Amino acid sequence: MANGENQNPNPNPIEATPGAAARTITLKTADGEIFEVEEAVAMEFGTVKSFFEDDAVSATKPMPLPNVSGSALSRVITYCRRSLEIRSMIPPATSEDATAAEAVQGEGDLEAEKAAKQERKEFEAEFLKDESNEDVKELILAANYLNIKELLDFLCRSVALRIQNKSVEYARKFFGIEGDYTPEEEAQIRQEYAWAFEGVDED
Amino acid sequence: MEEESYGSSERSSTSSEESAPYSTDNSSHATNPMNSEEEEEEEEESSDDYPSKRRKHGPILEEEDRISTLPDSILLTILSSLCTVDSVRTGVLSKRWAYLWTFVPSLRFTDYYFRHAAHYPNFVDNVLLLHRALKLANFAVQFEYNPELKPRVDLWVRFATTAKVDQLSLHLSSCFYKLPQHLYANEFVSELDFRACEIKPNGLVRWSSLKRLCLWNLDLHQDVLNKVLLGSPRLEFLELRNCDKLNRLDIVSESLKKLVMDSYDEDYPLELEIFAPKIESLEIRGDFYGMKKCQIKNASALVEVRVDFEIRMEYEDEEQEEDHYKNCENVVRELFESLRQVKKLIVGRWCLKVLSIMSMKHLSSPVLNCKCLTMKTSMEKWDLPGIASLLQSSPYVETLVIDIIFSNHDLEFLDRIYDEVNHWKSKEVYFKSLLQCLKTVKIFGFGERFHTKDVFILVVEFLLKNAKVLEKMVITEPWVMQNGIHNMQLKFLQVSQKLLSFPRSSPHAVVMFPF
């Protein structure tokens, strides 16, 4: 693959200067929608990143995403864009490797970190506020397919929040799980897990 | 150290495989969570085979089929965020889920939902019997302990350490659980969190991977602390919260970077002497019922300090209150003297009040080398002398952050000796030479404390007038502007306009209200 070509055509997304003309990558969803995404944002998608790193593929050809719908991709892009913005709020000196002495040189970096954390919290709470369970599931599938670790972790945590303290039926409906137990098997498994249901308050 | 192997043979197997918890090592398991039909539909995480693998799937599949195409790792991530009570119950959902939860590398038990205390230990025991993950990332137990349960809790701890747990947390209440001796020698654990436990190692402590230690509500003797620090060569973070019997604290650790001291409640007053040559960050916060001394000796590496505590005392009359504050003045002065070289300082509202009192009595404060100063203040008239005094003591400060917070303090005896505006004006003559380096000012929280605007305006006016190299002043209160009622917003705008009209000695200064 690397025929003596050291140059990686894709710069580190975090270092991309905001003023420069941003390269865009074209993505095509399963339902035929075309998205032009800034390179920095598209590189957050593990799938896209490796696709463009492995092949010296021209960035102008739209990359097909057969398992992602337009609505899901649009939400994903929103998330990654905002996430990049928030990450850039923290000056690089406050990475965990830097000593505290270096960190002081920035202007109130701790405050910047705190502010960034707060922004992230608010943004994440707002992001899923109006999403139905179906939407969240679709986002998980998209994030999994596109290999976006940060988004996936966030979504998993959110799903856990939605189903915690709820009944088993709720979880079943949420995940759309078809029970595949025969009545006898069901009775058996229920009995096996009886201890997990007794003495515990259920919502 | 003897290695007892608990439960099934898999756990003590020589295979060091820890990554894929549901790998085929576990042949003795009833249901293999990955049956072959699903494997074809499973989506691989790696995208190296991108072109070929993806096309196989075709267009978007049916809703339900797609959910079942989520790999186990995703489902496990979801289960990991659940409290163990919830994750266990997923066992009844379907065949695939029957034992999926047993591979979650995280166990969190809390007695919050248990109606009867007796059910809780049984629940924990049953979970541990079924659990299959080879390695635990965290193991947390929280409940109302009673000494009868000691043998069982010992077994739980043994279970966790055998699974090479990374983070172990025991939050027990009231009765002190005596930690089992084998726990003091553990090479895997990186984070320990003990509340209401009894720490009494017979021999040496060997926590070679320990990075974070939090001790809460327990008796801590100096010799035990010495053993702990000696045995934790990688310890970076130590938090001591409501730890008693500590009246003199010596921290000897080559690795410790951050120390947090939070609250103290004992009958005899605390004498705190912190001897920590490598520490970079220190926080003293909470309520201290009785503190005689608080000094940091030889903390030459200290860069960042937060002093956000309060020394409390019960007093019955104004005279006692005055005496109490006399003592506090001494404590605070000595403390600040040892913080002279600290570059980044956060001063809480109570300490600021004490500085105010000292200033009103014309007691001097030491000069600080602080470059970045944060003040938490309720912006009431009592705070002005403290603010003035602190600014006076910090001639090198480049960034000033003012965090306006709520406080319901009544310092009645101050009414007699204080007239704030005159005091402030009389000090102004000394201020001419200050604020030489101040470049940035950030003010948070003004909107919610609107009634303090007179003091606030005074301070802002002063800063603008005297900070000669000021580059920007940022006053943020998004809450008011987005959610506030129209009346409030109007008032706020009026104040903003007034602030913008003040004269500035720095030609480049920019005042911003980002919301």
Taking the alpha-carbon centre of each part, the distance from segment B:346-390 to segment B:106-134 in Å is 50
Straight-line reach check, residue B:292, cutoff 17 Å on alpha carbons, 8 or more apart in-chain or any other chain, hits among lysines -> B:245, B:326
Computed about the Cα centre, the charge dipole of segment B:94-252 from +1 Lys/Arg and -1 Asp/Glu charges at the Cβ has a magnitude in debye, to the nearest 20, of 520
Inter-chain shielding metric for B:75-85, i.e. average beta-carbon neighbours from other chains within 10 angstrom, reads 5
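Take peptide B:117-126, look around each residue's Cβ out to 10 angstrom, count Cβ atoms belonging to other protein chains, and average those counts.
Values: counts 1, 1, 4, 2, 0, 3, 5, 0, 1, 3.
Per residue, the average neighbour count from other chains is 2.
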If the label point sits 7 Å along Cα→Cβ of residue B:267, residues of segment B:217-233 with amide N under 19 Å come out as B:218-221
Too long for a 23 Å Cα-Cα cut-off, among B:257/B:344; A:121/B:258; B:343/B:468, are A:121/B:258
Expressed as a whole number, the average count of other chain Cβ atoms within 10 Å around the Cβ atoms of A:163-176 is 4
Straight-line reach check, residue A:61, cutoff 30 Å on alpha carbons, 8 or more apart in-chain or any other chain, hits among lysines -> A:28, A:49, A:137, A:149, B:53, B:56
If unit charges are put on Cβ atoms (+1 for Lys and Arg, -1 for Asp and Glu) and the dipole of segment B:150-245 is taken about its Cα centre, the option from B:217, B:156, B:170 lying farthest towards the positive end turns out to be B:156
Across the alpha-carbon set of segment B:56-206, Rg over Rh with Rh taken as the Kirkwood radius works out to 1.07
Distance in Å, no decimals, from the C-alpha centre of segment A:122-192 to the one of segment B:195-266 is 40
With the 8 Å Cα cutoff and a minimum separation of six or more residues, segment B:241-316 has a relative contact order in percent of 30
Simple SL model, points at 7 angstrom along Cα→Cβ for residue B:437 and residue A:31; separation in nm is 5.9
To the nearest 20 debye, segment B:302-417 has a Cα-centred charge dipole, built from +1 on Lys and Arg Cβ and -1 on Asp and Glu Cβ, of 920
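Since every read-out is calculated from the coordinates, none of them should be taken as a lab result. Worth saying up front: this structure is predicted, and the values here are computed from it rather than measured. Glycine gets a Cβ as well: all are built from the backbone with ideal geometry, and neighbour counts include every protein chain shown.
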